[in-house]
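Participant: Here it is, the structure in full.
The values are calculated or read from the model by the stated rules, or taken from the named source; none is laboratory data. Computed from a predicted model, the values in this text were never measured in an experiment. Quick reminder, even Gly has a Cβ in these numbers, built from the backbone with ideal geometry, and neighbours come from all protein chains shown.
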Amino acid sequence: MSKALTSSVLSLLVCLVAASSKDKSFQCVSEGRFPHPTDCGSYINCLQKSEGFSSQEKSCNGGAFHPIHRTCVPLTEMANCKPRRGRSVTSDPKLEYACEGALSEFVCVDCKTLVNCVNGTAYPEPCADGDMCSVREAQFGGGVCYPDEPSECSCSKPNEFQVDYYDPSKFLFCQDAGTDPIIYQCPEDHVFDPVMSQCRNSAGLPECNSIGVFANPENCTQYYTCIFTTSGWVQKPFTCINETDPFLMYNEASGVCEDPCQWNTGKFTCTVEGRFADPLSCSRYFECVVDEIEETGFRQELHECPEGYVWDPSARGDFGHCVLEGASKTPCSPVTINKCTIPNDWCDNTVP
């Protein structure tokens, strides 16, 4: 065969291959998610633009595309499907919560992240600049990276914070109007408060600022631990309520759940004349004088020792007096004021 004939045959083959490829190319004529024309393990997203459509070729990452459900499914569900090797995409175990109950779905986990759930495995697909993760069931059968939608993910004002549309534990920061938002994650067990523009504990607990175990002052039937780690504060809630005794509160002083009606509140009432230490302070004392005008039969006055002095009930022949700090012969351990508010009817209705 001559060189000229060989060249002609090669040219013809190239033309035939080109024509065959062209016939199998996919042209977007409507918006949606469609099977790839030559690869059962891939699909094509068709997005409406101001002038026509744009197409995005995506891989099912080793799975098969189901044309009816418009999702990626295991190969076992699509007989005779032998997909081409897709582009390398790494799964993210931290996002597999998004695939619970949606083993084969396209899920928006936040305004800028689409997750392709393939047989329960999460493959994240970050949205490109200008695109947001939008749930469009009618056209795409789930989430898709879509231009400038939803509006809840768009930046309308500069220097603005807003809660993420899909995840309350995340928030968006907009540097300027019309720009892509920057997404931040709140600490564990926190949600973003758009009014306060800060992350707040989802259980309604106070923020941790020191290590320890603390009662929830808003509801002392609850308490929580604060532990500081290399990644920040770890806070865990607990409850005192149980089936055998529903009237318990956490006492920070003793470190256990107790009947609050039995707590020492440090309240002092005169019963005899004299001077007596204030149960709540080492530097104060009460003076009790008989007075029939008073309802209790005593005039009760609270006094404080000078700065640098404490009340010693053993001084002056056990009549008591203010002495220098460190010179008192009587140990002083003031009652810790409990920050818990006990409902008025609790102590009248506790179970005997």
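Participant: I'd like to know if the range 123-135 contains one or more residues that are part of a loop (DSSP other than H, G, I, E, B), more than 20 Å from the chain's Cα centre (by Cα) and crowded, with 16+ Cβ neighbours inside 10 Å.
Facilitator: yes
Participant: From the list L95, L75, L103, exactly one residue is closer than 27 Å to D167 by Cα, modelled with pLDDT of 80 or more and of a type in the set (A, V, I, L, M). Which is it?
Facilitator: Selected residue: L95, the only one of L95, L75, L103 that is closer than 27 Å to D167 by Cα, modelled with pLDDT of 80 or more and of a type in the set (A, V, I, L, M).
Participant: Among the strands (runs of 3 or more DSSP E) contained in the range 142-193, which hold 1 or more residues that are assigned by TED's automatic domain parsing to the domain that holds D110?
Facilitator: Correct list: 142-147.
Participant: Go through the residues of the range 223-245 one by one and say whether even a single one is in contact (Cβ under 8 Å) with a residue 12 or more places away in the chain, in contact with a helix residue (DSSP H, G or I) (Cβ under 8 Å, 6 or more places away or on another chain), over 26 Å from R299 (Cα atoms) and surrounded by 14 or more Cβ atoms within 10 Å (Cβ to Cβ).
Facilitator: No, there is no match, as no residue in the range 223-245 is in contact (Cβ under 8 Å) with a residue 12 or more places away in the chain, in contact with a helix residue (DSSP H, G or I) (Cβ under 8 Å, 6 or more places away or on another chain), over 26 Å from R299 (Cα atoms) and surrounded by 14 or more Cβ atoms within 10 Å (Cβ to Cβ).
Participant: Go over the candidates N216, N201, N251 one by one and state the one that is surrounded by 15 or more Cβ atoms within 10 Å (Cβ to Cβ) and in contact with a Leu (Cβ under 6 Å, 6 or more places away or on another chain).
Facilitator: Answer to the selection: N216.
Participant: Considering only the range 19-56, how many residues are modelled with pLDDT under 90 and either within 13 Å of R70 (Cα to Cα) or of a type in the set (D, E, K, R) (or both)?
Facilitator: Counting residues in the range 19-56 that are modelled with pLDDT under 90 and either within 13 Å of R70 (Cα to Cα) or of a type in the set (D, E, K, R) (or both) gives 5.
Participant: If you scan the range 136-177, which residues turn out to be within 22 Å of E31 (Cα to Cα) and hydroxyl-bearing (S, T, Y)?
Facilitator: The answer is Y146, S151, S154.
Participant: Name the strands (runs of 3 or more DSSP E) wholly inside the range 52-120 in which the number of residues that are more than 32 Å from the chain's Cα centre (by Cα) and touching a residue at least 24 places away in the same chain (Cβ under 8 Å) is 2 or more.
Facilitator: On the way: elements: 53-59, 64-66, 71-73, 105-110, 113-118.
Here the list reads 53-59, 64-66.
Participant: Follow-up question, since we're still on this one. Would you be able to tell me the number of residues in the range 25-41 that are part of a strand (DSSP E or B) and over 35 Å from the mean Cα position of the chain (by Cα)?
Facilitator: Summing the residues that are part of a strand (DSSP E or B) and over 35 Å from the mean Cα position of the chain (by Cα) in the range 25-41 gives 2.
Participant: Could you list, in sequence order, the residues of the range 130-143 that are closer than 13 Å to C111 by Cβ and in contact (Cβ under 8 Å) with a residue 24 or more places away in the chain? Lay out the reasoning, then the answer.
Facilitator: First, pick out the residues of the range 130-143 that are closer than 13 Å to C111 by Cβ: 130-135, 143.
G130, C133, S134, V135, G143, listed by residue number.
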